[in-house]
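Participant: Provided herewith is a single structure, encoded as structure tokens, for subsequent inquiry.
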Amino acid sequence: MNWRDIRHPEAGGAELYVHSLCSEFVKLGHEVCLYSSSFLGAKTKEEIDGVKIMRCGERFSVYWSVYVQYLKDRIKYDVVLESINTIPFFIPLYAVQPVVPLIYSINNGRALMKELGITPVSLVGWLGNFLIPIIYRRAVVVTISETSKEELVAAGFDASRVFVAKPGVGIDFERLVKIIPESTRPNYRIVYLGRLKKYKGIDILLQAVAILRRSLPIELLIVGKGDYESQLRRKVAEIGLTDCVQFTGFVSEEEKVILLKSSSVFVCCSIDEGGWTIAGLEALRCGVPLVVTDSQRDLVQEGITGFITPPQPEIVADRIRIVLGRDWKSMSIASRRLSAGITWKNSAMVALKGLNSAINKYHLNVIARHRN
């Protein structure tokens with residue numbers, strides 16, 4: 001269960017993660033049905049990469065609609081993987097199967113508050129995050145990074161029940177990295193890749209670029225779409241960066257690799273990413289060092305594959321300057337080395353261990369109850 005599916009117009013990293021795991025599960029011989037919200041023009045039922053999609057409800061009604069649909073279908077399934085993307089479905093309250101929550105970050109209420117301010121929706125999201133350790137604490141959990149696991153353990157989860165399935169790269173992406181030729185680098189091109197949302201800190205990056213432009217011919221590629229784009233475009237015009245900032249929108253996998261392999265630094269100043277992002281990993285695979293906030297610290301070997309930075313424009317600019325001024329080629333080689341072998345197949349195998357562990361624990365509990 002996930003708020004959106006891979007075809008949703010607002011799909012992001014969470015949707016790519018869920019779909020990639022599910023499609024790998026199918027390749028390994030499992031049947032998978034994904035419940036998610038509908039959108040304009042969407043089919044109620046669809047199969048993508050072997051994954052059966054069941055769309056029910058819309059942005060907020062999806063929680064009730066999924067509940068109703070699940071009650072009709074519940075005897076079909078052996079286990080439920082619940083993707084908690086800000087607001088949980090709270091499936092353990094009504095599921096008849098074992099439930100494995102996929103928790104990206106136990107603290108993502110901060111991002112919701114940044115995005116929406118204090119509103120009824122953000123307060124519901126905050127309350128949902130507050131309840132996660134209470135409702136899911138005894139569950140087997142899948143998460144995306146060692147950082148997120150540490151946060152879950154600090155919140156009261158059992159470390160032995162937390163499985164870290166790091167987001168990976170796909171076969172097609174890896175193939176494109178190998179066949180697309182290298183550009184002449186280092187150059188002065190910075191790239192941001194991801195959804196254009198307020199909590200991503202892109203405005204901080206723009207301020208850093210403005211600082212760098214005083215002494216360097218910096219270019220910035222902003223790759224992606226999102227509801228914050230119009231505000232960002234206004235910001236670019238206000239601070240006089242229209243000649244050096246390019247908004248590319250969504251791009252194909254091939255275009256993405258070309259853009260990454262023509263850039264020298266990947267920058268993201270996001271508030272919360274759970275320690276890891278697919279975009280950051282893809283940049284590393286293309287030999288692009290990172291300058292990112294602590295929200296992606298699992299991707300960075302400090303001073304070797306990039307730098308962790310506080311979300312302050314002056315410091316972000318300084319870190320970018322250091323990357324461009326150091327032995328960039330050795331950092332690029334180290335970036336490729338760090339990211340090697342992190343594939344969706346490996347991620348799916350770890351997640352399956354978590355799912356099987358939950359099933360085994362569930363059946364042992366059933367047997368124990370019958371004996372009592």
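One line per residue, one yes/no per condition, for (1) crowded, with 19+ Cβ neighbours inside 10 Å; (2) in the same structural domain as I144 (by TED's automatic domain parsing); (3) over 19 Å from P101 (Cα atoms):
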position	(1), (2), (3)
N2	yes, no, no
V26	no, yes, yes
S38	yes, yes, yes
G50	no, yes, yes
E58	no, yes, yes
Y67	no, yes, no
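Participant: For segment 254-276, give me each residue that is more than 19 Å from T184 (Cβ to Cβ), touching a Leu at 6+ places or on another chain (Cβ under 7 Å) and β-branched (V, I, T).
Facilitator: V267
Participant: Working only within segment 129-178, note down all residues that are crowded, with 20+ Cβ neighbours inside 10 Å and part of a helix (DSSP H, G or I).
Facilitator: The answer is N129, I132, Y136, T147, S148, K149, L152, F173, L176.
Participant: Here's something else I'd like to know. How many residues, within segment 11-59, are in contact (Cβ under 8 Å) with a residue 60 or more places away in the chain and acidic (D, E)?
Facilitator: Adding up the residues that qualify gives 1.
Participant: For segment 283-296, state whether one or more residues are within 21 Å of S335 (Cβ to Cβ), surrounded by fewer than 19 Cβ atoms within 10 Å (Cβ to Cβ), within 16 Å of the chain's Cα centre (by Cα) and not assigned by TED's automatic domain parsing to the domain that holds N85. I'd like the intermediate steps shown before the answer.
Facilitator: So in segment 283-296, the residues within 21 Å of S335 (Cβ to Cβ) come out as 283-296.
Within this subset, residues satisfying the condition of being surrounded by fewer than 19 Cβ atoms within 10 Å (Cβ to Cβ) are 294.
Among the residues that remain, those that are also within 16 Å of the chain's Cα centre (by Cα) are: 294.
From what's left, not assigned by TED's automatic domain parsing to the domain that holds N85: 294.
Yes, segment 283-296 has at least one match.
Participant: Among the residues of segment 82-134, write down those that are modelled with pLDDT under 60, within 16 Å of the chain's Cα centre (by Cα) and of a type in the set (G, A, S).
Facilitator: Of everything in segment 82-134, those that are modelled with pLDDT under 60, within 16 Å of the chain's Cα centre (by Cα) and of a type in the set (G, A, S) turn out to be G109, A111.
Participant: Do the conditions hold for K149, that is, is it touching a residue at least 12 places away in the same chain (Cβ under 8 Å) and out of contact with any strand residue (DSSP E or B) (no Cβ under 9 Å at 6 or more places or on another chain)?
Facilitator: Working: touching a residue at least 12 places away in the same chain (Cβ under 8 Å): yes; out of contact with any strand residue (DSSP E or B) (no Cβ under 9 Å at 6 or more places or on another chain): no.
Criteria not met by K149.
Participant: A follow-up question, please. Applying the selection to segment 136-195, what residues are of a type in the set (D, E, K, R) and closer than 29 Å to L355 by Cα? Before the answer, list the steps.
Facilitator: We begin by selecting, within segment 136-195, every residue of a type in the set (D, E, K, R); these are 137-138, 146, 149-151, 158, 161, 166, 172, 174-175, 178, 182, 185, 189, 195.
R137, R138, E146, K149, E150, E151, D158, R161, K166, D172, E174 - these are the residues of segment 136-195 that are of a type in the set (D, E, K, R) and closer than 29 Å to L355 by Cα.
Participant: Here are some residues: P186, P217. Which one is more than 25 Å from W344 (Cβ to Cβ), in contact with a Phe, Trp or Tyr (Cβ under 7 Å, 6 or more places away or on another chain), crowded, with 18+ Cβ neighbours inside 10 Å and assigned by TED's automatic domain parsing to the domain that holds L260?
Facilitator: Values: P217 fails: crowded, with 18+ Cβ neighbours inside 10 Å.
Exactly one of P186, P217 is more than 25 Å from W344 (Cβ to Cβ), in contact with a Phe, Trp or Tyr (Cβ under 7 Å, 6 or more places away or on another chain), crowded, with 18+ Cβ neighbours inside 10 Å and assigned by TED's automatic domain parsing to the domain that holds L260, namely P186.
Participant: Which of the residues belonging to segment 224-250 are of a type in the set (A, V, I, L, M) and either in contact with an Asp or Glu (Cβ under 8 Å, 6 or more places away or on another chain) or buried (at least 17 other Cβ atoms within 10 Å of the Cβ) (or both)? I'd like the intermediate steps shown before the answer.
Facilitator: First, pick out the residues of segment 224-250 that are of a type in the set (A, V, I, L, M): 232, 236-237, 239, 241, 245.
Listed by number, the residues that qualify are L232, V236, L241, V245.
The values are calculated or read from the model by the stated rules, or taken from the named source; none is laboratory data. Owing to the predicted nature of the structure, the values given are computational and were not obtained by experimental measurement. Note: ideal-geometry Cβ built from the backbone for every residue, glycine included; neighbour counts use all protein chains shown.
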